[in-house]
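Before any comments, here is the structure.
What follows is calculated from the coordinates using simple rules that are stated; it is not laboratory data. Note that the coordinates shown come from a computational prediction; the quantities given were computed from them, not determined experimentally. Here the Cβ is made from the backbone with ideal geometry for all residues, glycine too, and neighbour counts use every protein chain on show.
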Amino acid sequence: MSKSIVDLVDQLPTGGLTISMLKSLDFVAPGEWQNTVGFVNTIKTVTGEDDEDLIQQIGERAIYLFNDKSQGYQTALWLYQTVDGTDKALGAAALANKVGEKIPLLGFLNSVTPKPDKAQTIDLTLKLVAELVAFCQINGIPGDSIGDFVASLGEYSGESLIRMVALVCVDGLIPLGPDFISKAISGLNQTNPQELEKNSTFQNIKDVIPGNNAGSKLNFIGESFDSVKGWMNKLVSANNLTPQKVVGNLQNFVDIADDKLDYLAAFLDVATNYYEHTGTQTLARRLIERAVAEI
Amino acid sequence: MILQRGHRVVAAFLLSVVLLTTACTPKAPGRFDQAQKESTQQQKGQAVAKTATQGSEFNKLFPKASDGYQRVYTQEKKGFAEAKLKKGGKDIALLSISDTTSNSSAAAKFSKSTKKIGGYPAVEVGKTQTAILVGKYQVKILSRDSSFTASDRADWLEKFNLNGLAKLK
């Protein structure tokens, strides 16, 4: 791990496309997510303490815990970074002069290529599995505890909740449509282990997905997705979420026609890193919660 | 040829400027630099002692939730376990047990303790925390809502199975 946890949290951005996108999803989980950045600031926010000596002790313990590879925190961070790790050059270009104003997507249509539904399905389900595995790594339960994960989804709040909201909206509803859950399930059923092996994200993270081979890992991905479909369905119906409704909110920062949603999905995929951003925040929070209890 | 050499000279000059400026840019030492350095120099396993008790051993000693309170386990690691205490859907407090073998200064602070809770030395830390030391184990409660006061923390500390914890090896 090249960067320290202090630098990672200190360097989290306060503006840009990722932040705009997450803020525009606030209507699904009002007031849940504040973009807390900065290591010391996060310690203060999470613990409610402002004594400098205490903050120092908490910070140092959190650093020790993070740098101990056996504790799983680094694996979790790596997962959040890896599932988000598409080419960000386009996003950087989009951002160069556009912070604070709307980005017309028309100009970018030539440079982004929508993924076929099957690739989008694999993307969505792999992100979900990464969440599950990272959750287990951070909280210290065995890596295949689908039941524990599903139970605690109901407890998700703050940056963890907005990450799952973004997953449903940006990687589910926009690219795959209102029936994205059934589409993803049938897409997975039609995927064979060889196809999964060709996916670059899978190649990167397959070692931490439970299962001895691509076939059993594919089964695990299917089981994971199947077990959270109830939670996702509830989120969609409780908020009457539709692709149009989501896009209506995203239109605060990106101009897009309704018939170009697959391009919007591709654009957001390369231009944002919401998994890494909120994942770093989740990780910092859990580290600090543990550190303050241990000192 | 001359032109090419000129390019090289310019390139070499620019490179040295870059190296010099980056090398000479004064970077104020951060308050956490020392901890970062120490914790990465050692081999893995430095944050949690090999002999630390598994978190699953702690879980069964947590107080049972009643009177409208809800207990939700959050982290269970070697040497550490934590649960949230909720009421009416709101986070009220965090309950934890940790093995101080990994972090000796945690146990050392109890030497200044002047009061006891449940028969064990107790300290208040910061604005939100109360802790007791049971053998080598620290039991700590952190308020997460202003309605949960220091006296609530003391009450809930006594609700842990402290005898069970004292017998744990």
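Here the protein assembly as shown carries DSSP beta bridges of which approximately 95% are antiparallel, counting only pairs with both residues inside. Compute a Gaussian network model of chain A, connecting alpha carbons closer than 10 Å, and tell me which residue from A:Phe267, A:Phe180, A:Phe27 fluctuates the most. Answer for the Gaussian network model of chain A: A:Phe27. Within the shell defined by Cβ-Cβ distances under 14 Å, the residues around A:Gln137 carry a net charge of -1, with Lys and Arg each +1 and Asp and Glu each -1.
Applied to region A:45-50, the Karplus parametrisation 6.51 cos²θ - 1.76 cosθ + 1.60 on θ = phi - 60° returns per-residue 3J(HN,Hα) values of 5, 6, 9, x, 9, 10 Hz, with x for Gly and Pro.
Between the C-alpha center of region A:17-55 and that of region A:232-295 there is a gap of 15 Å.
Could you line up B:Ser113, B:Ser102, A:Ser216 from fewest to most neighbouring Cβ atoms inside 10 Å?
Values: B:Ser113 16, B:Ser102 23, A:Ser216 13.
With the fewest neighbours first, B:Ser113, B:Ser102, A:Ser216 line up as A:Ser216, B:Ser113, B:Ser102.
Under a model in which nothing but the beta-carbon of Lys, Arg (+1) and Asp, Glu (-1) is charged, the protein assembly as shown shows a dipole of about 1140 debye around its Cα centre.
Comparing Cα centroids, region A:65-79 and region A:118-158 end up 16 angstrom apart. Based on the alpha-carbon gyration tensor of chain A and its eigenvalue square roots a ≥ b ≥ c, which shape applies: rounded if a/c is under 1.5, prolate if not and a/b is larger than b/c, or oblate? Oblate shape, in that a/c is at least 1.5 and b/c is the bigger or equal ratio. Where is the GNM fluctuation largest for chain A (alpha-carbon springs, 10 angstrom cutoff): A:Ala130, A:Ala238, A:Ala166? Evaluated over chain A, the most mobile residue of the options is A:Ala238.
Under a point-charge model restricted to the Cβ atoms of Lys and Arg (+1) and Asp and Glu (-1), what is the dipole moment magnitude of region B:55-167 relative to its Cα centre, in debye to the nearest 20?
On the way: 20 positive and 11 negative charges, 20 e Å.
Roughly 100 debye for region B:55-167.
Cross-link partners of A:Lys102 among aspartates and glutamates, defined as those whose alpha carbon lies under 13 angstrom from its own and excluding same-chain residues fewer than eight positions apart: A:Asp255. Sketch the reach of a paramagnetic label on A:Lys115 as a point 7 Å from Cα along Cα-to-Cβ, and name the residues of region A:246-281 whose backbone nitrogen lies under 17 Å away. Inside the label zone: A:261-277. In chain A, the DSSP-assigned H stretches of four residues or longer account for a calculated mean residue ellipticity at 222 nm of -19500 deg cm²/dmol, using -39500 (n - 2.57) per stretch and the full residue count as denominator. Listing A:Trp231, A:Trp33, A:Trp78 from fewest to most neighbouring C-beta atoms within 10 Å gives A:Trp231, A:Trp78, A:Trp33. Assuming R0 = 22 Å, can you tell me the calculated FRET efficiency for the pair A:Val150 and A:Ile185, based on Cβ-Cβ distance, to the nearest 0.05? Efficiency, from the Cβ-Cβ distance: 0.85. Neighbours of A:Thr282, meaning other residues whose beta-carbon lies under 9 angstrom from its beta-carbon, give a summed charge of +2 when Lys and Arg score +1 and Asp and Glu score -1.
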